[in-house]
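Notes to accompany the following structure.
The values are calculated or read from the model by the stated rules, or taken from the named source; none is laboratory data. Bear in mind that the values here come from a model prediction, so they are computed numbers and not experimental data. Cβ coordinates were reconstructed from backbone atoms using ideal geometry, including for glycine residues, and neighbour counts include every protein chain displayed.
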Amino acid sequence: MAMRQTPLTCSGHTRPVVDLAFSGITPYGYFLISACKDGKPMLRQGDTGDWIGTFLGHKGAVWGATLNKNATKAATAAADFTAKVWDAVTGDELMTLAHKHIVKSSDFTHDSNHLLTGGQDKLLRIYDLSRPEADPEQIGGHTSAIKKALWYNDDRQIISAADDKTVRLWDRASMTEVKTLNFNLSVSSMEYVPEGETLLITYGRTIALYNTSRYSRVLAVCSL
């Protein structure tokens, strides 16, 4: 007999939730952060969904949210042309990183020293968080808005998904594009599972799994 699971319902947001991210396992368990069009990202206990706190400061919809591995820092990407870095323990805002357009995605390196962002202006930006006032490194190449940008392959590479119907792989050291995956529709989101060498990509109504050793599609599911 198949095991039935009762889903947890996490109330609190007043508009659609557009992004979710989990931390790694910490001595205190693991944690979940949600991004929402109400502009108020929320932190929750990962296993129970219990609300811990709300990060207040954005002046527009929050499109992306992430936690670093040990859940001590959070980063958010928003429609107010900023990405923000937060102390995930106290809820204090640590820094605001100004952009020229809407920011859709943010991601920490494993050591939490750098933040990757992507958004409406089609550029990837890399911020040195020890020098937030310094200009970020920039990578151009996408021809439409970037929906998701992730550190990849132990932070030696970057992978990005965009409205230009591509997922692109970049070399961190040379800042150059090394591979492109093409799709017939805009790519809406993407997640990387390093333990299983798996890349999950969503486009249109399709969820596709790719093996990252060959970048071949191993499974695709289309919703009705």
Count of residues meeting criterion [crowded, with 20+ Cβ neighbours inside 10 Å and either assigned to a loop (DSSP other than H, G, I, E, B) or more than 17 Å from the chain's Cα centre (by Cα) (or both)] in segment 140-155: 1
Of residues in segment 161-170 being in contact with a strand residue (DSSP E or B) (Cβ under 7 Å, 6 or more places away or on another chain) and more than 19 Å from Asp128 (Cα to Cα), the one surrounded by the most Cβ atoms within 10 Å (Cβ to Cβ): Ala161
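Pull up segment 183-196, narrow it to residues that are of a type outside the set (A, V, I, L, M, F, W, C) and out of contact with any strand residue (DSSP E or B) (no Cβ under 6 Å at 6 or more places or on another chain), then point me to the one that is modelled with the lowest pLDDT.
That would be Gly196.
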Extreme residue, surrounded by the fewest Cβ atoms within 10 Å (Cβ to Cβ), among residues of segment 176-200 that are within 19 Å of Lys104 (Cβ to Cβ) and without any contact (Cβ under 8 Å) to a residue 24 or more places away in the chain: Leu185
Qualifying position, being in a loop (DSSP other than H, G, I, E, B) and crowded, with 17+ Cβ neighbours inside 10 Å, among Lys84, Lys40, Lys69, Lys59: Lys40
Positions within segment 201-224 being under 15 Å from Ile159 (Cβ atoms) and surrounded by 15 or more Cβ atoms within 10 Å (Cβ to Cβ), in sequence order: Ile201, Thr202, Tyr203, Ala208, Leu209, Tyr210, Thr212
Sole residue being aliphatic (A, V, I, L, M), modelled with pLDDT of 95 or more and farther than 23 Å from Thr26 by Cβ, chosen from Ala98, Ala75: Ala98
Any hit, segment 130-138, residues being among the hydroxyl-bearing types (Ser, Thr, Tyr) and surrounded by fewer than 17 Cβ atoms within 10 Å (Cβ to Cβ): yes
Selection count where residues are touching a strand residue (DSSP E or B) at 6+ places or on another chain (Cβ under 6 Å), part of a loop (DSSP other than H, G, I, E, B) and not polar (S, T, N, Q), scope segment 102-124: 2
Breaking point among (1) in contact (Cβ under 8 Å) with a residue 24 or more places away in the chain; (2) under 16 Å from the mean Cα position of the chain (by Cα), for Leu129: (2)
Within segment 133-154, considering residues that are at pLDDT 95 or above and charged (D, E, K, R), the one nearest to Thr96 (Cα to Cα): Asp135
Residue satisfying all of: in segment 1-58; among the aliphatic types (A, V, I, L, M) and free of Cβ contacts under 8 Å to residues at least 12 places away in the same chain; farthest from His99 (Cα to Cα) among these: Met1
Boolean, Ala173 is surrounded by 14 or more Cβ atoms within 10 Å (Cβ to Cβ) and not basic (Lys, Arg): no
Qualifying positions in segment 47-73 - more than 19 Å from Leu115 (Cα to Cα) and under 17 Å from the mean Cα position of the chain (by Cα): Ala61
Condition check for Ser174: farther than 18 Å from Gly119 by Cβ, modelled with pLDDT of 95 or more and either among the aliphatic types (A, V, I, L, M) or out of contact with any Leu (no Cβ under 6 Å at 6 or more places or on another chain) (or both): yes
